[in-house]
Amino acid sequence: MRLALTLELGDREIPSDFASRLSTRACRDDMREFCHDFGIDPQAIINGDPDAIQALADLARVDGATLLHEAFSRIGCPKRQFRHREQVLLQSSLVRNRVRMCPACMAEDIERLDCRLAARPHRRSMWLIRGVRTCAKHGMVLREVGKLDGPRVLHDTSRVIAEAIPRLRWMMDHAVLRDPSRFERYLLQRLDGETNGSWLDGLPMYAAMHLTLVAGAVAVHGPSVTLDEMNADEAWRCEAAGFNIVDKGAEGIREFLDELQAPHRDSRSSRGPKVMYGRLYDWLAHECRDRAYDPVREIIIDHSLDTLALGPNDVLFGRKVGVRRKHSVRSASEEFGLHPKRLRKLVQRAKLTGDVQNAPNNKIIFNAAEADAFLKALAESMSLEKLRDYLNVPRPHDRGLVERGFIKPMVAGGRSKGGHAFRKSDLDDFLARLLRDADPALHEVPSMVPLIAAAKHSCCAVMDVVALVLDRKLSRIGRDPGQIGFLSVLVDAEEVRPLVTGPAYDGYSLRDVERLLPAKSAAVKALIEKRFLMTETVKNPVTGWMQPIVRREELARFRREYVSLNNLARERGEHFARVKKSLVAAGVYPVADPTELKLTLYRRSDIP
């Protein structure tokens with residue numbers, strides 16, 4: 001059977017809406033009764049049953065495939081999902097109990113058709129999708145024209161649209177114009193089978209829609225936002241903001257999570273993802289068990305493990321983390337039994353973290369895997385204070401061992417307390433090398449003395465004697481059974497002395513110069529400062545200290561070029577006053593002010 005009074009199939013008109021328009025066209029005004037009149041199950045049309053939709057198409061003499069293409073077919077078990085244009089949607093993804101229309105499209109439908117007025121306007125299929133809130137054709141916000149209340153009225157849209165026709169002029173005058181958001185254009189392209197490479201293409205359409213809304217709501221209104229309190233315009237703004245975040249996938253979501261973490265980075269309280277991410281985390285963790293959102297959960301888990309000090313027993317989305325990626329100073333302090341103040345300094349000196357002077361301990365984050373061996377060693381390490389007791393080495397020789405490199409800290413610090421950290425294994429190795437040749441039987445030999453006494457006897461540094469022991473340059477090394485560690489080592493002082501005495505220098509000490517000129521020490525010092533006499537710095541062969549000397553040839557040069565008044569008088573066998581008077585008469589004057597030079601000095605070439 002075919003209808004005498006039929007209609008053309010509207011642009012993207014869904015089967016139930018078309019059936020409602022047909023009933024209005026036929027003046028039946030009840031879609032369900034109209035379908036029953038022709039033996040068609042109205043619920044089957046609503047559910048997208050192909051046979052029922054084909055029967056309706058045959059009745060109205062329209063293309064069944066086109067009509068079926070716009071259907072929202074129930075799928076799943078139980079049937080809580082819909083398939084529309086190859087996209088999967090949930091009931092919550094659709095606006096089915098309210099009719100949203102574009103006033104401009106309604107006006108065009110009324111103008112184009114010449115049938116009964118109530119049967120002219122029709123709803124487009126994309127207007128049922130909650131995320132589509134703007135008419136892409138006219139750039140006009142969709143307006144709700146009525147509600148489908150009651151089981152007999154539900155899906156009978158022409159009744160509601162007919163009641164809105166008298167208000168059409170007012171709706172046109174008060175219409176809100178705006179361009180569709182990027183998110184809306186994305187949904188429309190996806191419904192048309194077009195792809196633009198968005199990360200959201202990998203999610204079902206319902207998941208892409210709801211994720212975008214929740215992410216945008218948290219971005220716009222904060223982590224504690226309540227979604228149910230948003231109106232359509234606020235939801236549109238949130239969806240636009242959310243799409244800019246999730247469209248880029250993991251990169252965009254991680255950047256968004258960074259922004260959510262930022263207000264908590266200076267907080268001393270330990271706040272986890274639930275507090276930082278708020279509504280986004282609660283929704284994915286407690287309100288939605290859908291596996292379709294697992295890619296999002298994995299991004300959040302991955303980001304949280306990379307940025308927060310989460311331990312193996314911490315729980316994200318109902319499962320334990322398992323493997324720690326990041327430690328904080330606080331978590332590492334608790335796990336390895338280290339004082340947080342000392343640990344904070346050491347991890348910065350080890351360059352495990354950047355400059356975090358003002359950050360609280362629970363917010364100083366570093367890589368757990370890279371720091372694992374370091375932290376284990378640090379847990380067994382010793383400070384410089386504990387090193388003294390462990391090695392039985394007195395001050396300041398503990399620092400001498402470090403400065404000469406005999407013991408190297410695993411983390412080098414300053415001179416402050418707790419600055420260095422030493423591995424116990426390194427200290428044990430040092431003691432083993434120091435005592436490897438020690439013979440306890442030699443402690444009764446009179447010439448065998450402790451390292452410090454041997455250094456004092458030879459006027460050398462204690463570390464020089466230590467170097468002789470470690471380099472095995474001594475034939476005899478003893479061990480005092482009454483001592484332990486460093487102080488137990490004994491050496492032959494007479495054997496040490498020639499090994500620490502350096503080669504004799506070729507020249508004169510300043511004391512020697514005073515005697516050879518002769519001149520007082522102040523005069524010699526002035527000659528050197530005024531650069532009449534040149535010096536060099538060499539190592540004293542006995543004490544090991546650096547000292548200035550005057551080379552032999554330099555002293556000879558000075559004597560050839562200069563002579564003091566007293567020495568000149570002594571050479572001439574005259575009184576110095578007589579010599580000075582004759583020099584003045586000859587016009588010869590000192591080379592420098594005698595008060596500054598502390599002696600009267602002449603250039604020999606000036607003397608007649």
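The residues listed here are A104, A118; of these, the one that is assigned by TED's automatic domain parsing to the domain that holds L67, touching a helix residue (DSSP H, G or I) at 6+ places or on another chain (Cβ under 6 Å) and among the aliphatic types (A, V, I, L, M) is A118. Of the helices (runs of 4 or more DSSP H) lying entirely inside the range 198-313, those containing at least 3 residues that are touching a residue at least 60 places away in the same chain (Cβ under 8 Å) span 205-221, 232-246. In the set L128, L154, L90, only one residue is within 23 Å of F34 (Cβ to Cβ) and surrounded by fewer than 21 Cβ atoms within 10 Å (Cβ to Cβ); that residue is L154. If you go through the range 430-450 and keep only what is within 18 Å of L401 (Cα to Cα), among the charged types (D, E, K, R) and in a helix (DSSP H, G or I), you end up with just R433.
Would you confirm, using the coordinates I've provided, whether P481 is surrounded by fewer than 14 Cβ atoms within 10 Å (Cβ to Cβ), farther than 19 Å from H397 by Cβ and out of contact with any helix residue (DSSP H, G or I) (no Cβ under 6 Å at 6 or more places or on another chain)? Considered against the rule, which asks whether it is surrounded by fewer than 14 Cβ atoms within 10 Å (Cβ to Cβ), farther than 19 Å from H397 by Cβ and out of contact with any helix residue (DSSP H, G or I) (no Cβ under 6 Å at 6 or more places or on another chain), P481 comes out as no. Check the range 544-560 and report whether any residue there is under 60 Å from the mean Cα position of the chain (by Cα) and of a type in the set (F, W, Y). Yes, there is a match, as at least one residue in the range 544-560 is under 60 Å from the mean Cα position of the chain (by Cα) and of a type in the set (F, W, Y). For the range 10-63, the set of residues classified as farther than 24 Å from E108 by Cβ, charged (D, E, K, R) and either part of a loop (DSSP other than H, G, I, E, B) or touching a Phe, Trp or Tyr at 6+ places or on another chain (Cβ under 6 Å) (or both) consists of R28, D30, D41, D49, listed by residue number. With respect to the conditions (1) within 22 Å of S304 (Cα to Cα); (2) exposed (fewer than 13 other Cβ atoms within 10 Å of the Cβ); (3) of a type in the set (D, E), D247 falls short on a single one, namely (2).
Here R28 fits the description: charged (D, E, K, R) and in contact with a helix residue (DSSP H, G or I) (Cβ under 6 Å, 6 or more places away or on another chain).
Does the range 252-266 contain any residue that is surrounded by 14 or more Cβ atoms within 10 Å (Cβ to Cβ) and more than 25 Å from F366 (Cβ to Cβ)? Yes; the residues of the range 252-266 include at least one that is surrounded by 14 or more Cβ atoms within 10 Å (Cβ to Cβ) and more than 25 Å from F366 (Cβ to Cβ).
With the condition kept exactly as written, say whether any residue in the range 311-329 is modelled with pLDDT under 80, out of contact with any helix residue (DSSP H, G or I) (no Cβ under 8 Å at 6 or more places or on another chain) and within 30 Å of Y277 (Cα to Cα). Taking every residue of the range 311-329 in turn, none turns out to be modelled with pLDDT under 80, out of contact with any helix residue (DSSP H, G or I) (no Cβ under 8 Å at 6 or more places or on another chain) and within 30 Å of Y277 (Cα to Cα). If I filter the range 6-46 down to residues being over 26 Å from R83 (Cβ atoms) and of a type in the set (S, T, Y), which single residue comes out as surrounded by the most Cβ atoms within 10 Å (Cβ to Cβ)? Once the filter is applied, the top-ranked residue is T24.
Cβ-Cβ contacts under 9 Å between residues 6 or more apart (or on different chains), taken from a first residue in the range 148-171 that is of a type in the set (D, E) to a second residue that is in a loop (DSSP other than H, G, I, E, B), are listed as D149/N97; D156/D29; D156/D30; D156/L148. Could you say whether any residue in the range 99-120 is of a type in the set (K, R), farther than 27 Å from T24 by Cβ, free of Cβ contacts under 8 Å to residues at least 60 places away in the same chain and in a strand (DSSP E or B)? No, the range 99-120 has no match at all. In this structure, T195 qualifies as in contact with an Asp or Glu (Cβ under 8 Å, 6 or more places away or on another chain), free of Cβ contacts under 8 Å to residues at least 12 places away in the same chain and either surrounded by fewer than 18 Cβ atoms within 10 Å (Cβ to Cβ) or assigned by TED's automatic domain parsing to the domain that holds C102 (or both).
Output the residues belonging to the range 353-367 that are at pLDDT 75 or above and in a loop (DSSP other than H, G, I, E, B). Listed by number, the list holds a single entry, T353.
Of everything in the range 364-390, what is over 24 Å from the mean Cα position of the chain (by Cα) and under 12 Å from P409 (Cα atoms)? Give them in sequence order. Listed by number, the residues that qualify are A377, S381, M382, S383, L384, L387.
The values are calculated or read from the model by the stated rules, or taken from the named source; none is laboratory data. Because the structure is predicted, anything quoted here is derived from the model rather than measured. As a convention, Cβ positions derive from the backbone with ideal geometry for all residues, glycine included, and neighbour counts pool all protein chains shown.
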